[in-house]
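For reference, the structure discussed in these notes is given below.
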Amino acid sequence: MAENVANPSNPAPTTDASGQATGQQDYLDKGVDYGLKKTGHGQNASTTEKISDGVRTGFKKLTGKDVPIQDKQ
């Protein structure tokens, strides 16, 4: 029940001109979104988040280090 209550410290995501949520996107999410748009594959924020999480996982497996961009969730 308490999950549905508005939280002033965690504002609702806003939308950009294309209608996608931008409130909780970090720079990696924005970069993935930009790359998808440039290649003609616009995705919703949920799919962009899943792709950026996959990039984070792959980066950590490859390098053994975390991506230097904090994930906003």
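The values are calculated or read from the model by the stated rules, or taken from the named source; none is laboratory data. Keep in mind that what you see is a predicted model, and the values were worked out from it rather than measured. Heads up, the Cβs are rebuilt from the backbone with ideal geometry, glycines too, and the neighbour counts pull from every protein chain shown.
Results, tabulated for the structure shown:
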item: Members of segment 31-46 found to be loosely packed, with under 15 Cβ neighbours inside 10 Å and either of a type in the set (S, T, N, Q) or in a helix (DSSP H, G or I) (or both), listed by number; result: TYR34, GLY35, LYS37, LYS38, THR39, ASN44, SER46
item: Extreme residue, modelled with the lowest pLDDT, among residues of segment 47-71 that are touching a helix residue (DSSP H, G or I) at 6+ places or on another chain (Cβ under 8 Å) and in a loop (DSSP other than H, G, I, E, B); result: ASP71
